[in-house]
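Q: Here it is, the structure in full.
The values are calculated or read from the model by the stated rules, or taken from the named source; none is laboratory data. Only a predicted model underlies this, so the values are computations on that prediction, with no experimental measurement involved. Please note: Cβ atoms are built from the backbone with ideal geometry, for glycine as well, and neighbour counts cover all protein chains shown. The protein model used for the area step is the full one, side chains on, heavy atoms only, and it has no ligands, DNA or RNA in it. Shrake-Rupley method; radii C 1.70, N 1.55, O 1.52, S 1.80 Å.
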Amino acid sequence: MALPDKQGHFGEFGGRYVPETLMTLLIDLEKQFKALNKNKAFRDEFAFYLREYAGRPTNLYFAERLGRHLKTLKVYLKREDLLHTGAHKINNTLGQVLVARRMGKTRIIAETGAGQHGVAAATTAALFGLECVIYMGAQDIKRQSLNVFRMKLLGAQVIPVTSGSRTLKDAMNEAIRDWVTRVRDTFYIIGSVAGPHPYPLMVREFQAVIGLEARKQFLAKERKLPDHLVACVGGGSNAMGLFHAFYKDKGVGMIGVEAAGKGLNTREHSATLKKGPVGVMHGSKSNLLQDKDGQVRVAHSVAAGLDYPGVGPEHAYYQKTGRAQYVAVDDKAAIRGFKMLSRLEGIIPALETAHALAYLETLARKSKKGTTVIVNLSGRGDKDVNTIQGIL
């Protein structure tokens with residue numbers, strides 16, 4: 001069965017739960033995207049910008065010293081941090097802006113948490129001369145001041161969101177409100193595999209280049225497929241980008257690493273798949289952190305990009321069907337992962353990615369010697385240096 005189905009469902013998850021104002025727009029977007037995704041000229045244009053502008057393909061780097069430290073694991077890093085703007089987000093924003101231009105849109109809006117999606121959206125808007133408005137929680141603006149400056153430097157208007165928890169969830173709420181009022185000229189670039197159909201499908205397709213490259217590169221290096229894939233999961237676009245190309249390879253284990261924040265037994269975490277029941281948020285049915293009355297709970301993570309109380313519906317489907325395993329790493333362990341890669345490989349990772357790196361210590365204890373792993377190094381840690389400096 002092709003996923004998602006014609007209604008945008010991954011099993012029971014996904015779908016389109018939106019105001020009537022947006023339903024016609026989303027149906028049109030789905031038609032436009034599906035047609036463009038099969039159009040050779042569009043695919044060639046997308047591939048051109050990924051290669052010539054973003055810097056693809058990215059390296060699959062053998063982290064020898066990290067592997068020696070972990071003893072049992074042979075670790076390869078998919079170096080999305082080497083892309084223009086410093087993270088995997090540019091893959092998706094390039095794809096969506098090309099769709100927006102084909103649809104005649106002149107203004108783009110986006111939400112952002114860690115700021116990397118906002119920077120990527122502002123970058124592509126500048127590249128094509130489009131007006132750009134970024135919604136960002138006031139709490140995240142404090143944590144990610146460098147990325148806020150970058151967005152403004154690129155010509156974007158950054159609007160602080162002061163409602164709710166003042167983080168990613170609330171930024172997405174405000175972006176949707178904006179979109180409803182200006183559907184004629186505005187295109188909303190969602191940054192993850194979340195939101196109403198066709199966004200989970202569209203973002204997955206634009207990020208799938210990560211896994212397609214990694215699969216080919218790993219086969220060339222090892223003459224076999226990896227034992228495990230490991231990636232951090234907030235909304236889940238970097239993980240799905242890696243996982244998708246390996247979906248039918250049943251011998252390849254997939255491990256998504258959520259943020260356990262201050263602990264799974266507290267209310268201060270972002271482990272939606274580990275701890276969240278099924279609900280509806282931002283136009284999609286998936287796992288969701290909510291209280292007994294169905295109200296969305298405030299999420300917490302030291303990593304702003306994982307600080308989200310929902311998750312992409314395809315990840316919820318992967319968990320329910322057993323195709324992927326989802327674990328959680330707390331703030332303290334993530335900081336250890338951050339320092340571990342910095343000191344062993346000379347690579348400073350994003351705090352989001354540091355969660356995936358930290359889980360390697362647990363995986364190593366459970367693995368036999370020579371177990372092969374691809375970790376999606378989804379972003380670089382420049383944006384997090386001030387946060388880490390404050391903590392340390």
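Q: Let's test the formula: R0 of 25 Å, r as the Cβ-Cβ distance of S163 and V385. What FRET efficiency results, to the nearest 0.05?
A: With R0 = 25 Å, the Cβ-Cβ based efficiency is 0.30.
Q: Classify the chain from the C-alpha gyration tensor, please: rounded if a/c falls under 1.5, else prolate or oblate depending on whether a/b exceeds b/c.
A: Rounded, because the longest to shortest axis ratio a/c is under 1.5.
Q: Report the gain in length on full extension from R182 to K250: 0.36 nm times residue separation, minus Cα-Cα distance, nm rounded to one decimal.
A: Taking 0.36 nm per residue and subtracting the Cα distance, the gain is 20.0 nm.
Q: Kindly work out what percent of the DSSP beta bridges joining two residues of the chain are antiparallel, to the nearest 5.
A: DSSP beta bridges in the chain are roughly 30 percent antiparallel.
Q: Do any of K221/K369; K152/K274; K38/K320; K142/K339; K152/K216 go past 26 Å between their Cα atoms, and which?
A: K152/K274; K38/K320; K152/K216
Q: Another question, if that's okay. Reachable aspartates and glutamates from K34, Cα under 16 Å, same-chain residues fewer than 8 places away excluded?
A: D5, D44, E45, E205
Q: Related question: Taking θ as phi - 60°, what are the ³J(HN,Hα) couplings along the stretch 236-241 by the Karplus curve (6.51, -1.76, 1.60), each to the nearest whole Hz, with x for Gly and Pro?
A: Rounded to whole hertz, the list is x, 6, 5, 5, 5, x.
Q: How would you rank 91-98, 118-125, 339-346, highest first, on the average number of other Cβ atoms within 10 Å across their residues?
A: 118-125, 91-98, 339-346
Q: Once both axes come from the Cα atoms, what is the angle between helix 20-37 and the longest principal axis of the chain, in degrees from 0 to 90, rounded to 10?
A: 60 degrees
Q: Helix 351-366 sits at what angle to the longest principal axis of the chain, using alpha carbons and giving 0 to 90 degrees rounded to 10?
A: Taking the Cα atoms of the chain, the angle to 351-366 is about 40 degrees.
Q: Let me ask something else. What accessible area per residue, rounded to a whole number of Å², is obtained for the chain using a probe radius of 1.4 Å?
A: Result: 39 Å² per residue.
Q: Checking the cross-link filter: which lysines have an alpha carbon closer than 28 Å to that of K31, excluding same-chain neighbours under 8 positions apart?
A: Within the straight-line cut-off, K31 pairs with K6, K40, K89, K105, K169, K248, K285.
Q: Based on alpha-carbon centroids, what's the gap between the stretch 170-248 and the stretch 24-88 in Å, whole number please?
A: Between the Cα centres of the stretch 170-248 and the stretch 24-88 lies a distance of 9 Å.
Q: Given Cβ point charges of +1 (Lys, Arg) and -1 (Asp, Glu) and nothing else, what value in debye, to the nearest 20, does the dipole of the chain about its Cα centre take?
A: Once rounded to the nearest 20, the dipole reads 1100 debye.
Q: Taking the dipole about the Cα centre of the chain, with the C-beta of Lys and Arg at +1 and of Asp and Glu at -1, give me whichever of L73, A303, T123 is farthest to the positive side.
A: So the residue we want is L73.
Q: Relative to the longest principal Cα axis of the chain, at what angle does helix 331-345 sit, 0 to 90 degrees, rounded to 10?
A: Compared with the principal axis, the helix lies near 70 degrees.
Q: Treating only the Cβ of Lys, Arg, Asp and Glu as charged (+1, +1, -1, -1), what charge dipole size does the stretch 273-392 show about its Cα centre? Round to the nearest 20 debye.
A: In debye, rounded to 20, the stretch 273-392 gives about 560.
Q: Cα gyration tensor of the stretch 272-359, axes a ≥ b ≥ c as square roots of the eigenvalues: rounded (a/c below 1.5), prolate (a/b > b/c) or oblate?
A: Prolate, since a/c reaches 1.5 and a/b exceeds b/c.
Q: Can I ask one more? Quick check: from the Cα gyration tensor, does the stretch 148-297 come out rounded (a/c under 1.5), prolate or oblate?
A: Oblate is the answer for the stretch 148-297, as a/c is 1.5 or above yet b/c matches or exceeds a/b.
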